[in-house]
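Read-outs: derived from the displayed coordinates by stated rules, not from any lab. Computed from a predicted structure; not experimentally measured. All Cβ positions, glycine included, derive from the backbone under ideal geometry; neighbour counts span all protein chains shown.
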Amino acid sequence: MVVGDIATGTEVLVIGAGPGGYVAAIRAAQEGLDTTLVEKDAYGGACLNRGCIPSKALITGSGLAHEAGNAESMGIHADPAVDMGKMVEWKDGVVDRLTGGVEKLCKANGVNLIEGTASFVDEHTARVAHGGEGQGSESIEFEHAVVATGSRPIQIPGFDFAEDHVWSSAEALDADTVPDRLGIVGGGYIGMELATTYAKLGADVTVVEMLDDILDPYEDDVKRIVRTRAEELGVEFHFGEGASEWSEAADGGYLLHTETEEGEESTYGVDKVLVAVGRRPVTDGLDLGEAGIETDDRGFIETDDRTRTAVDHIHAVGDVSGEPMLAHAASKEGIVAAEVIAGEPAAMDQQAIPAAVFTDPEIGTVGLTEAEAEAEGFDPVVGEMPFNASGRAMTTGHTEGFVRIVADDETGFVLGAQIVGPEASELIAEVALAIEMGATLEDVAATVHTHPTLAEAVMEAAENARGQAIHTLNR
Amino acid sequence: MVVGDIATGTEVLVIGAGPGGYVAAIRAAQEGLDTTLVEKDAYGGACLNRGCIPSKALITGSGLAHEAGNAESMGIHADPAVDMGKMVEWKDGVVDRLTGGVEKLCKANGVNLIEGTASFVDEHTARVAHGGEGQGSESIEFEHAVVATGSRPIQIPGFDFAEDHVWSSAEALDADTVPDRLGIVGGGYIGMELATTYAKLGADVTVVEMLDDILDPYEDDVKRIVRTRAEELGVEFHFGEGASEWSEAADGGYLLHTETEEGEESTYGVDKVLVAVGRRPVTDGLDLGEAGIETDDRGFIETDDRTRTAVDHIHAVGDVSGEPMLAHAASKEGIVAAEVIAGEPAAMDQQAIPAAVFTDPEIGTVGLTEAEAEAEGFDPVVGEMPFNASGRAMTTGHTEGFVRIVADDETGFVLGAQIVGPEASELIAEVALAIEMGATLEDVAATVHTHPTLAEAVMEAAENARGQAIHTLNR
Amino acid sequence: EPEPETPSGRTFAPPSARRLARELGVDIAAVDGSGPGDRISEADVRAHAEGGDGGSDTADSGSDEAPAPTPTDVGSGGRKSAVKKRGD
Ligand SMILES: Cc1cc2nc3c(=O)[nH]c(=O)nc-3n(C[C@H](O)[C@H](O)[C@H](O)COP(=O)(O)OP(=O)(O)OC[C@H]3O[C@@H](n4cnc5c(N)ncnc54)[C@H](O)[C@@H]3O)c2cc1C
Ligand SMILES: Cc1cc2nc3c(=O)[nH]c(=O)nc-3n(C[C@H](O)[C@H](O)[C@H](O)COP(=O)(O)OP(=O)(O)OC[C@H]3O[C@@H](n4cnc5c(N)ncnc54)[C@H](O)[C@@H]3O)c2cc1C
């Protein structure tokens, strides 16, 4: 398709180079489409620069130091000292390799890269403003566009991220020293991952959360295991309290003020406050209206199962198009967007999108819980395998948690799994495939699993649901 | 059927309580069969007492100490000291919990446990000799029997395991100090797992191997990664050399003598010699002939796909019935034996049995290699994802290795995978399920995989085979 | 038209379908698969057992050249059925 005679034209314009946008751009180019990717800040988006990747790097580092320092029962005597600046430097190296890789992969696939901030002029034209003021701008005509502008941390009244002692997750991943006392506002997955990380690095961590437990979307027994372990690591929780403001303390630190619904006030001494209460879509300055696109009341762009917005040739993917705000959901949507634009019969038709929380222990979930399965009209049957009955778990010294598998009693089809325990983020992959394949409990139970592995627990949970577990008592 | 009026009779007699036997016994009892399990030594067999479990425990311990001591680039400064006696004590605790668990699970399922050594009297009678001499014996009539007597390390001429400085794998897993210099005869998976373990614990390890590389059954690029890493850990390899004898050295240690096929001799100074050249089936004293069963020229009992021996009502499972000599193969056979005896339509009909090697990095394989697929008449297509392009791998600091997936080009059916790298033993589970389910490359590629995980590399390898990888260049 | 047989007589079917085939006394290599690449589902096995897929076509021609290790012996089921279950 020829775009016309103007200097800058493209078949596919992708705005934003996070895991939604760069994946869309690469796949579009692989489909033979002339593709342009505009990024205003850093290739890889939030995920690679101040999200998934840096958080997991610090979780590894803090975890290794903590584990080695607490392995006397294994006969290991170490007193690890962590140089936080060095650890963050190592993390930066990982980020640089990955973001550099994204840039290279885009180029190798023939994606045109433009640095700048894009906004819509009309349904088929965007303007890209380069760099700072006076750097000029260019106008780009496009056949199709993919909006992949992502999300940013929500700021709450009284806590300005511009203050040195008020952190968003971005600053928490870029600290060169470990604060003595870290207050965390919000017990969601980002707050809990960072609470675990900083507790292991030696900070006194206090989490205040409006709700009455951490990790809202998860089941009670899953939450309990993560919360209990965090408490063992010294994390202090205050539930039913919202952060209202901060003030300076006499000791040179700060006071984090909270308030319950009933108006009861408390204060906690802190040196830094991390605000992790959620993320909201980035659409400001995009002039979506010029292209005929509106956002919903939470600011998200609505899309259909082909990732199309109300304007058919403009797609939206990733965090900007709503839940689940996860990198792999963004990438999947990016692939679907590119393929739909290329005329392929692609759709967001997957049965389930897995999710992981990299706390200690990890959580991995996919598909339906027992309650959700019931609500959907299934007659669910459930099987469990606790990791304290797993030989492999014992040999790693990590036996907290369980694998729970949920299936339809009548047909045996696997509907979901909730895993909390060592490598839960990896183990969930097998169940995701089982769900997509329409595998039954029997299929999972009959698949030979290597001994000794944690993955055997998935098999045992399936056997348990069938009343045939070997290593646990059947219900 | 009623067994008769004699005092000791059973529907199912299982001989040997390793992962083949105890699993057969539990499943038989679950099927409602009156089941008796005879074990002469320790519940859990070789696997739990001196195989899979203790080796993996020491691999964890030595790995943690080594990793923490070599993480300066991550900003972690530690100088871990390992108390080998304490580490072995921790390992013993793990083994005790697991073997105690096996005993409890047998009892809870209603299995009759008998301690003693079983031998056949005729096709329907066995004798069990209790404990040492003069402890008496009993005779048991059975309807069906399952022989699950396992295997033991092969001893080679000139190296008597009774000598203090000559180790089998059992002694290597029970040492209370780390020898300064450890000679290992045999570069198979047991030799290599222990070479890695002891190198990380600080021993100077020398491996002598008759063949010209380690890990015979694996592909060259898989071997190379593990061998190179072992060399980095200080392991010295001598290929094409067979161990001929040992002698005392002037320094109080020993000399390990080797010889090439051409008769060239070498000697290596060692303090202990571990002989790990394979395992052979245990059938001595069983009087198999009395039951009408013969062994093949390697000493294995031949079985059909229902695990039946030549004598239909006597089954054999696990190491004693031949390759693959792996715990999970033994357990699968145990389940099939029990179900076949119970009249269920069970068979060893799985498409593939996965295998893992817990070296650094790990190896996980399942199904066919490219060459094997070709030999079977498929037109294989292959996809790869190197871990050095995996975000999750980078954040763990372990980026050696790759995922390779092999599929049938025409249909896309997944035929096999070779994984070498972090958590390879766990990652292989998803591919095993894919193979059993008849999943195609598209099925694996379209399944959403959590970011950031190592399991994404399985998806990427599938995409690569389809020419659609995002994070690697396609071929 | 004749479909190509699977190399090495391999049948692509999940464990549950393979087990069902044995239970119903069906030679799974003779079942027509309805899935991608002729993958066989439990429903395909049932249809075959009920005579739904005229058994003489594809898979038979395949199994001639490439004998699958497909169990046709379902006798173990009957033979062992004399065993008295504890619950009886
Ligand atoms: C601390 C933390 C940890 C996380 N951990 C995980 C995890 O483990 N797993 C997981 O799945 N998710 C995780 N997430 C969420 C994940 O980061 C997001 O879901 C993901 O980044 C969304 O991808 P995206 O492509 O939609 O947007 P983003 O990654 O936000 O990328 C959007 C890009 O668009 C650019 N952009 C915006 N507007 C414009 C414009 N007008 N012109 C040009 N460019 C523009 C931005 O600069 C940015 O680079 C984490 C997030 C955080 C904050
Ligand atoms: C160092 C090492 C590491 C290993 N690591 C792994 C691994 O990671 N993964 C894996 O899959 N495999 C591993 N293996 C192999 C694994 O241990 C065996 O495949 C497995 O134990 C076989 O199980 P089995 O039930 O056939 O026999 P065994 O486990 O050998 O059990 C047989 C039992 O029968 C008993 N017995 C023998 N004769 C009699 C008799 N006449 N009367 C009564 N009882 C009798 C024995 O005492 C024994 O307890 C490893 C082996 C070793 C040595």
Using θ = phi - 60° and Karplus 6.51 cos²θ - 1.76 cosθ + 1.60, couplings along segment A:118-127 (whole Hz; Gly, Pro as x): 9, 8, 7, 9, 7, 5, 10, 9, 10, 10
Mean per-residue count of partner chain Cβ within 10 Å for C:15-24 equals 6
Scan chain B for the residue whose Cβ is closest to the axis carrying it onto chain A, then write down that distance in whole angstrom. B:A68, 2
Computed ³J(HN,Hα) along segment A:315-320: with the Karplus parameters 6.51/-1.76/1.60, θ = phi - 60°, integer Hz and x for glycine or proline, the list is 9, 9, 9, x, 4, 5
Rg (one decimal) and Dmax (whole number) from the Cα set of the protein assembly as shown, in Å, equal 30.5, 102
I need the inter-copy label distances for B:E232: point set 7 Å along Cα to C-beta, values in nm with one decimal, smallest first. 3.1
Once amide hydrogens are built 1.01 Å from N within the peptide plane, the residues lying 5 or more places from A:D409 or on another chain with amide H under 5 Å from its amide H are A:D379, A:V381
Give me the Kirkwood hydrodynamic radius of chain B in Å, from all C-alpha pairs, to one decimal place? 24.1 Å
Using unit Cβ charges (K, R positive; D, E negative) and no other charged atoms, how large, in debye to the nearest 20, is the dipole of the protein assembly as shown about its Cα centre? 1200 debye
Defining the label point at 7 Å along Cα→Cβ, can you sort the distances from A:H165 to the same site in each other copy, shortest first, in nm? 6.6
If you project the alpha carbons of segment A:1-111 onto the principal axes, what extent comes out on each, in Å, largest first? 71, 24, 18
Counting helices only, and only those DSSP H runs with n ≥ 4, report the 222 nm mean residue ellipticity of chain A as the sum of -39,500 (n - 2.57) divided by its residues, in deg cm²/dmol to the nearest 500. -9500 deg cm²/dmol
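For segment B:163-294, what's the relative contact order in percent, using C-alpha pairs closer than 8 Å and at least 6 residues apart?
Working: 228 pairs, mean separation 40.7, N = 132.
In percent, rounded to a whole number, it is 31.
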So if I place +1 on the C-beta of Lys and Arg and -1 on the C-beta of Asp and Glu, and nothing else carries charge, what would the dipole magnitude of segment A:355-465 be about its Cα centre? I want it in debye, nearest 20. 420 debye
Please report, to one decimal in angstroms, the Kirkwood hydrodynamic radius of segment B:180-330 built from all distinct Cα-Cα pairs. 17.6 Å
Just the Kirkwood number for segment A:355-465, please: inverse of mean 1/r across all distinct Cα pairs, in Å, one decimal. 13.5 Å
For the ranges B:336-342, B:318-324, C:34-40, what's the packing order if you count other beta-carbon atoms within 10 Å of each residue, average per peptide, and put the highest first? B:336-342, B:318-324, C:34-40
Nearest-first distances (nm) between copies at B:G467, label 7 Å from Cα via Cβ: 5.2
Residue-by-residue Karplus 3J(HN,Hα) for segment C:26-33, coefficients 6.51, -1.76, 1.60, Hz, glycine and proline x: 9, 7, 5, 5, 9, 8, 7, x
Which cross-chain or sequence-distant (5 or more) residues have an amide H under 5 Å from the amide H of B:D204, H modelled 1.01 Å from N in plane? B:R181, B:L182
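So, with +1 on the Cβ of K and R and -1 on the Cβ of D and E, and no other charges, what is the size of the charge dipole of segment B:166-277 about its Cα centre, to the nearest 20 debye? Let's see the in-between values first.
On the way: 7 positive and 26 negative charges, 99 e Å.
That gives a dipole near 480 debye.
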Among beta bridges that DSSP assigns inside the protein assembly as shown, antiparallel share in %, nearest 5: 60 percent
Any residue on another chain or 5+ positions along whose placed amide H is under 5 Å from the amide H of A:I154 is listed here as A:V277, A:G278, A:R279, A:R280
Please name whichever of A:L215, A:T258, A:G240 sits farthest to the positive end of the charge dipole of segment A:166-277, dipole taken about the Cα centre and charges placed at Cβ: Lys and Arg +1, Asp and Glu -1. A:L215
